Amino acid sequence: MTIKIKKVPTHIAIIMDGNGRWATKRGLPRNLGHKEGVNAIERTILACLKYGIKYCTFFAFSTENWKRSKEEIEGIFNLLREYIKKDDNSFIKNKIKLTHIGVIEPFPEDLKKELLQLEKQTKDFDKLIVNLAINYGGRDDITRAVNSLINKGYKIITEKDILNELDTKTMPEPDFVIRTSGEMRLSNFLLYQMAYSELYFPKVYWPDFNEKYFLKALKIYEKRNRRFGGVN
Ligand code: FPP
């Protein structure tokens, strides 16, 4: 059954936090938390389709995550690889467009190739855009954008110029940012783009996130009164 929500965010951005703690609490290796996290991504994508969300950005690997153990980093790459390669690819089946933000150059060649291939295969879909933030950092995004403008010969830049150079230039700014696990930080996510986003910090660890939590989040967003610095 689909519950009617009067106002849904166009773009939801998610900091999927708590995978490690979810696993540790169960005496499992951290990578099993990330593995369960992929199932939560799949549930969330289906919920986005169900409730008519247009863009969903998942923070899957930050510019700071290179500090983690080699084993954990490789584990995350393997999950990403498996997810992209899956034969019964839900992206094609559900007409979902896949995009990424962040710098993928340092990633393994086969992973980059598979990712770019799936992006190409899904580029004309527009029902839902799933955007993976990988090797992404908000400060890095802003710095790259400004350098790109310098390289183009700009002497003076406007806010709009920067927005048009950011990795997210083809999408609207996130309306709603969810960070699971109860931590209340932005952790270098979409810093420039989040200027007027509504923020929500549910306590649930990411691997346990499901349609029930998603719906609760939508109901919270529905009640928010967005004024963008104005009055009403
Ligand atoms: C944060 O939890 C999670 C990450 C840094 C990695 C998230 C990656 C995945 C879910 C897999 C990516 C795969 C696909 C298909 C996009 P944490 O490890 O910081 O948790 P903790 O704070 O409890 O330690």
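None of the figures in this text is laboratory data; all of them are computed from the coordinates on show. Everything numeric here is computed off the predicted structure, so don't read it as measured data. Positions of Cβ are backbone-derived with ideal geometry, glycine not excepted, and every protein chain shown enters the neighbour counts.
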Rg over Rh [alpha-carbon atoms, Kirkwood Rh] for the range 109-232
1.00
Tell me, what are the semi-axes, in whole angstrom and largest first, of the equivalent ellipsoid of the chain as set by the roots of 5 times the Cα gyration tensor eigenvalues?
25, 24, 19
Mean Cα-pair separation over length for the range 30-189, i.e. relative contact order, pairs under 8 Å, 6 or more apart, %:
28
Hydrodynamic calc, the range 24-155: Kirkwood Rh from Cα pairs, then Stokes-Einstein at 4 °C with viscosity 1.567 mPa s, so D in µm² s⁻¹ is 80
Tell me which DSSP H helices of the chain clear both cut-offs, 15 Å or more of axial length from alpha-carbon atoms and a mean Kyte-Doolittle hydropathy of at least -1.0.
30-51, 70-85, 138-151, 211-223
What is the sum of charges around SER181, taking Lys and Arg as +1, Asp and Glu as -1, for the other residues whose C-beta is under 9 Å from the C-beta of SER181?
+1
Which whole-number percentage describes the relative contact order of the range 139-222, with Cα contacts under 8 Å and a sequence gap of 6 or more?
27
Just how large is the dipole of the range 75-115 about the Cα centre, in debye to the nearest 20, putting +1 at every Lys and Arg Cβ and -1 at every Asp and Glu Cβ?
240
Please give me, ordered by residue number, the trypsin sites (Lys or Arg not before Pro) of the range 96-174 that lie in loop per DSSP and have at most 14 other Cβ atoms within 10 Å.
LYS123, LYS127, LYS152, LYS155, LYS169
Given charges of +1 on the Cβ of Lys and Arg and -1 on the Cβ of Asp and Glu, with all other atoms neutral, how large is the dipole of the chain about its Cα centre, in debye to the nearest 20?
880
Low-density loop positions, trypsin sites (Lys or Arg not before Pro), the range 2-54 - DSSP coil, at most 12 other Cβ in 10 Å:
LYS4, LYS6, LYS7, ARG26
